[in-house]
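The values are calculated or read from the model by the stated rules, or taken from the named source; none is laboratory data. Values in this document were obtained by computation on a predicted structure and should not be read as measured data. Using ideal geometry, Cβ is built from the backbone for each residue, glycine included, and neighbour counts are taken over all protein chains shown. These area figures cover heavy atoms from the full protein model, side chains too; ligands, DNA and RNA do not enter into them. Shrake-Rupley method; radii C 1.70, N 1.55, O 1.52, S 1.80 Å.
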Amino acid sequence: MEWSTAVWTGGVAVAAAVYWFVWVMGAAEVKGKSAVDLKMGSISNDKVKDKYTQYWSFFRRPKETAATASSAEKVPAFVDTFYNLVTDIYEWGWGQSFHFSPSVPGRSHRDATRLHEERVADLITARPGHRILDVGCGVGGPMRAIAAHSGSQVVGITINEYQVARARAHNKKAGLDSKCEVVCGNFLKMPFENASFDGAYSIEATCHAPRLEDVYAEVFRVLKPGGLYVSYEWVTTPLYQAENPEHVETIQGIERGDALPGLRAEEDIASIAKSVGFEVVQEKDLALPPAGPWWTRLKMGRIAYWRNHLVVCVLTALRIAPKGVVEVHEMLYETARHLTNGGETGIFTPMHMILCRKPKIIRRRRRRWWSWMVIRSVISAGFDLEEKIDFGVKLL
Ligand SMILES: C=C(CC[C@@H](C)[C@H]1CC[C@H]2C3=CC[C@H]4[C@H](C)[C@@H](O)CC[C@]4(C)[C@H]3CC[C@]12C)C(C)C
Ligand SMILES: C[S@@+](CC[C@H](N)C(=O)[O-])C[C@H]1O[C@@H](n2cnc3c(N)ncnc32)[C@H](O)[C@@H]1O
């Protein structure tokens, strides 16, 4: 073979290998996002590194950060920054559903994900004619599965504008834009009318709220009486020991790398739901056997993570991806390690399921009724008018 032919052949082979490595292997599991297309949400390329540093210093000690009211108020803004930084990497390396699911023997991750989402629709008995709320909808993977499975209308809310654009584009592409609507907003203060939804769900999203009662109270407000709400919560299990340094390291690692202002304990979830007025219908850790382990997908991805690391390094060096992507990717790699640890030790679950109902008759009304009964008996007992009014107002 001539020297020039050898060079050409070698060149073509290298180009084909790079193409395969970056575009084919590096493409999203669910096509739509490839490595060369990694943006950092609405952050301009020159600000990515600074934003990452800001995020990191805010969430380095998550529980302490969220303990004061002024920092707790800043949590949604930092969660928004977090999703600007990670949304494309999630889509590229995981798909359009940003959550875990129990593994199902003989079925793909995609199937397992869909089954976990369809279970939500079945639990809240979503059906045609229903208007369902998706609290913290990401780029809408679950919303599309639930709308398609149940025939209901789904409205999703996310704090991150970039996700809104991604979700709308995916809805259109899937031909589900007439069934799925996406709104940008804070789930701690939702831009929806009281009693305007037949059902609601949140999948691995409310863990971002500094106080769970605030988001549950909002869901309660927008649900119609009798409406069902199901949530998949990220929590520590009863196996977690706060005095065990390895446990603490794992949990703090999960919090830091996932923008969480402090994980809650499993046993606290039901009382929080009840405190805002919900009736708890069912509560179950969906990760417990016979469910297949949710963390195997993370473990199996290790070779892919190394390939991805190389891809983001090359793309950053070529200035195709913005500076800072390598650091964000490293943070996610580290987070995957902590999550796997949390799953294997059993101290953490991302799928503590709670199913709640908004009562048909709201309790406050009953209290008023009882209060009037007391007032009537007070009146008949002969208090003077001013005392009666004072007493009545206090009771109400
Ligand atoms: C519910 C939340 C997100 C849960 C998961 C969807 C994500 C948690 C950790 C993420 C990942 C970790 C490793 C990444 C890997 C290094 C990269 O090459 C490709 C993407 C990852 C696999 C990425 C994908 C999404 C997660 C599994 C939280 C935020 C409440
Ligand atoms: C891990 S993602 C899960 C997304 C989606 N449920 C899924 O499973 O694909 C968490 C979502 O919660 C949203 N979120 C977090 N805090 C929020 C807030 N205060 N208001 C609205 N959305 C919020 C994020 O923007 C993101 O879309």
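Out of (1) on the phi > 0 side of the Ramachandran plot; (2) in a strand (DSSP E or B); (3) aliphatic (A, V, I, L, M), what's the single condition that is false for ALA259?
(2)
Taking ASN341 and the conditions (1) at pLDDT below 95; (2) part of a helix (DSSP H, G or I); (3) open to solvent by 30 Å² or more (accessible area, probe 1.4 Å), which numbered condition does it fall short on, given that it satisfies the others?
(1)
If PHE98 satisfies every condition in (1) open to solvent by 20 Å² or more (accessible area, probe 1.4 Å); (2) assigned to a helix (DSSP H, G or I); (3) at pLDDT 90 or above; (4) under 30 Å from LEU318 (Cα atoms) but one, which is the exception?
Against the list (1) open to solvent by 20 Å² or more (accessible area, probe 1.4 Å); (2) assigned to a helix (DSSP H, G or I); (3) at pLDDT 90 or above; (4) under 30 Å from LEU318 (Cα atoms), PHE98 comes up short only on (2).
I need the helices (runs of 4 or more DSSP H) fully contained in region 104-214, keeping only those with at least 3 residues that are surrounded by fewer than 23 Cβ atoms within 10 Å (Cβ to Cβ) and either touching a residue at least 40 places away in the same chain (Cβ under 8 Å) or within 19 Å of the chain's Cα centre (by Cα) (or both).
Output list reads 109-123, 161-173.
Residues PRO293, PRO289: which one is touching a strand residue (DSSP E or B) at 6+ places or on another chain (Cβ under 8 Å) and of a type outside the set (Asp, Glu)?
After applying the criteria, what remains is PRO293.
If you check GLY138, GLY175, which single one turns out to be under 25 Å from ASP111 (Cβ atoms) and more than 10 Å from ligand 2 (Cβ to nearest atom)?
Being under 25 Å from ASP111 (Cβ atoms) and more than 10 Å from ligand 2 (Cβ to nearest atom) holds for just one of GLY138, GLY175, which is GLY175.
If I ask for residues that are at pLDDT 85 or above and either open to solvent by 80 Å² or more (accessible area, probe 1.4 Å) or away from ligand 1 (no atom under 13 Å from the Cβ) (or both), which ones from region 293-314 would you list?
Residues satisfying the conditions are PRO293, LYS299, TRP306, LEU310, VAL314.
Can you list residue pairs whose Cβ atoms sit under 8 Å apart, with the first residue in region 68-87 being within 11 Å of ligand 2 (Cβ to nearest atom) and the second being of a type in the set (S, T, N, Q) and in a helix (DSSP H, G or I)? Count only pairs 6 or more apart in sequence or on different chains.
VAL75/THR65; PHE78/GLN54; THR81/GLN54; TYR83/GLN163; THR87/GLN163
Please go through region 242-274 and give me each residue that is free of Cβ contacts under 8 Å to residues at least 12 places away in the same chain and β-branched (Val, Ile, Thr), ordered by number.
Within region 242-274, just VAL248 meets the criteria.
Being more than 24 Å from ILE146 (Cβ to Cβ), touching a residue at least 24 places away in the same chain (Cβ under 8 Å) and either part of a helix (DSSP H, G or I) or of a type in the set (Asp, Glu) (or both), is that true of even one residue in region 224-237?
no
Quick one: what pairs do we get from region 315-337, first residue open to solvent by 30 Å² or more (accessible area, probe 1.4 Å), second modelled with pLDDT of 90 or more and basic (Lys, Arg), C-beta under 9 Å, 6+ apart or different chains?
Sorted first by the residue in region 315-337, then by its partner, the pairs are GLU334/ARG256.
For VAL326, state whether it is more than 16 Å from ligand 2 (Cβ to nearest atom), touching a Gly at 6+ places or on another chain (Cβ under 6 Å) and not in a loop (DSSP other than H, G, I, E, B).
no
Name the residues in region 189-216 that are more than 16 Å from ligand 1 (Cβ to nearest atom) and among the aliphatic types (A, V, I, L, M), would you?
MET190, ALA195, ALA200
Quick check: anything in region 113-134 touching an Asp or Glu at 6+ places or on another chain (Cβ under 7 Å) and more than 20 Å from GLU233 (Cβ to Cβ)?
Yes: region 113-134 contains one or more residues that are touching an Asp or Glu at 6+ places or on another chain (Cβ under 7 Å) and more than 20 Å from GLU233 (Cβ to Cβ).
Looking only at region 217-262, filter to residues that are more than 14 Å from ligand 2 (Cβ to nearest atom), of a type in the set (A, V, I, L, M) and open to solvent by 10 Å² or more (accessible area, probe 1.4 Å); which one of those is farthest from TRP294 (Cα to Cα)?
Here the answer is LEU228.
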